[in-house]
Amino acid sequence: MSEEKKELSAEDKARLKAQFDLPWRQELRKSMPAKDRTKIQRQKMPERPADVRNADFLEVNQGLSAQAAQLEAKRCLDCPNSPCVLGCPVSIDIPSFVKLIEKGEFEAAARKLKETNSLPAICGRVCPQESQCEAVCTMKRASGVSVAIGNLERFAADYERERGKVVMPRLSPATGRKVAVVGAGPAGLTVAGDLAKAGHQVTVFEALHTAGGVLVYGIPEFRLPKRILKAEVEYLRRLGVELRLNFVVGRTATMEDLKAQGYEAFFVASGAGLPNFMKIPGENLVGVYSANEYLTRVNLMKAYDFPNYDTPMLVGRKVAVIGGGNVAMDSVRNAKRLGAEWAAIIYRRSAQEMPARAEEIHHAEEEGIEFHYLQAPTKFIGDESGRVQAMECLKMELGEPDASGRRRPVPMKGSEYVKEVDLVVMAIGQSPNPLIGQTTPGLKMGKWGNVDVDWKTMATSIPGVWAGGDIVRGGATVILAMGDARLAAAQMDQHLKSLGKKQG
Ligand SMILES: Cc1cc2nc3c(=O)[nH]c(=O)nc-3n(C[C@H](O)[C@H](O)[C@H](O)COP(=O)(O)OP(=O)(O)OC[C@H]3O[C@@H](n4cnc5c(N)ncnc54)[C@H](O)[C@@H]3O)c2cc1C
């Protein structure tokens, strides 16, 4: 799944330059010399104490105060080349929104964010800013510590939502053209928002009974409260987007059926919801879950809120989570909150190679999660009733880098050991959902079960069908899914407008 290297478009460059030259921005820059800005400490995100939060599901991060946000915004040097914008997959005009916060114009900052990112309260919480916009921040080069761009994004979006001052954008005149979006995750919701604003009639078809994709069934309440997602979905409804829930495209109706119903452009955003397994003995024992099922039961079906919700859920005392990504962190932190005495990450490489966000690893460590590096299970052992009671693991050492660039784990002969466990969660990756490929003749698929696209346009092999997010990339990130969606939406808009306004 190769991808085009990102560059700012000529339009983005012109937009940033025009903002940079605005008189209020010039004045603000003059109001404090850069050397004084570098002396301001990065403002810490207030967090709930680890020994309290690891027993409940309330949000861990509490958000910056207005005063802290303004101080943090002063740390931005407002540099002319704005590398942070290039580091952002949706090219948010970061310096402009940050400087609006410095000025105290918090709602204007939120509006600025929404020009390019329809889900800022979500991105401010879950994006890996440390490896994107914050990684290339000029303040990081100047002082060693980047501007807390993600925390500021969250602050502005929360400020706007909590004060009920969400301003609806002006919609383009209705074109009468019908768009079908498959899947209501971040990619599908982003396309829906952009095309509704452009005047098209958008319907999102979602297999589950609620919208949000991984944001609702995967990422836990303590990282992303569901009320925030609900507000974002409500915003889309107010833009005129229709949501058809419990609708499995490929089963309830195929894309060809929908075309016959008058849909003229399609965006496939059905994600990567198919769990991967290791294919080792004992994976089908009772008590061995895929992370997808485990998290879906806890989050979407609210097993954590027992007895208000009576979703069946095995609660382990000794829980091993296999994997080292965000999915593994969410699973293990859930297990701890559900009452595990021992909850551990079993990861086959070392801490350095672990793909989870630094903040998630740090929070998990604080909450009492154990990390066992350089080991992997070889089999799970059941009791006479078929329930998992132990796992056999093998120790690893790191060899040469593999195709991912990370050092390959090499098993150490004779290092097997057995560990008692009563619940295991497999969090070793997800693959794209196969249904759309299987039910859409002519849709070219890649070798990993992903939909093949032209990365410059996100167009698929079928004219009038675009795709983006995890169905194209495999398990990736929210902001990359949204970046694909924005690119596709611009192309789809052009295509629909080229058809002209529909009469009647
Ligand atoms: C537990 C977990 C934690 C994560 N944490 C982070 C994080 O902290 N930061 C980050 O950036 N990323 C994170 N990710 C990755 C991120 O959530 C995904 O990359 C992102 O959600 C992909 O968006 P998407 O819209 O492509 O797909 P999804 O979010 O998967 O949405 C796809 C939607 O399509 C629906 N669908 C599937 N098939 C059909 C069909 N045939 N008909 C109708 N609907 C269908 C699904 O039900 C789903 O609602 C995490 C992922 C997981 C699983």
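The values are calculated or read from the model by the stated rules, or taken from the named source; none is laboratory data. No experiment lies behind these values; they were computed from the predicted model shown. Here Cβ is always computed from backbone atoms with ideal geometry, including for glycine, and neighbour counts include all displayed protein chains.
Every residue, every condition in (1) closer than 30 Å to Ala340 by Cα; (2) within 22 Å of the chain's Cα centre (by Cα), yes or no:
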| residue | (1), (2) |
| --- | --- |
| Ser31 | no, no |
| Lys35 | no, no |
| Met45 | yes, yes |
| Ile94 | no, yes |
| Lys103 | no, no |
| Glu115 | no, yes |
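Is there a residue in region 329-343 that is modelled with pLDDT under 95, within 16 Å of the ligand (Cβ to nearest atom) and assigned to a loop (DSSP other than H, G, I, E, B)?
Yes, region 329-343 has at least one match.
Among helices (runs of 4 or more DSSP H) lying entirely in region 8-88, which contain 2 or more residues that are under 24 Å from Ser146 (Cβ atoms) and not charged (D, E, K, R)?
Filter on region 8-88 gives 10-20, 23-31, 66-74, 83-87.
Of the residues in region 381-439, how many are modelled with pLDDT under 95, assigned to a loop (DSSP other than H, G, I, E, B) and under 30 Å from Arg473 (Cβ atoms)?
Selection size over region 381-439: 9.
For (1) in contact with a Gly (Cβ under 6 Å, 6 or more places away or on another chain); (2) within 16 Å of the ligand (Cβ to nearest atom), each residue gets a yes or a no:
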position	(1), (2)
Glu384	no, no
Leu394	no, no
Arg407	no, no
Val418	no, no
Asp422	yes, no
Met426	no, yes
Gln430	yes, yes
Pro434	yes, yes
Gln438	no, yes
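I'm told Gly188 meets every condition in (1) at pLDDT 95 or above; (2) under 21 Å from Ser9 (Cα atoms); (3) crowded, with 24+ Cβ neighbours inside 10 Å except one. Can you identify the failing condition by its number?
(2)
For the subset of region 265-283 comprising residues that are in a loop (DSSP other than H, G, I, E, B) and within 15 Å of the ligand (Cβ to nearest atom), which member is farthest from Gly469 (Cα to Cα)?
Once the filter is applied, the top-ranked residue is Asn276.
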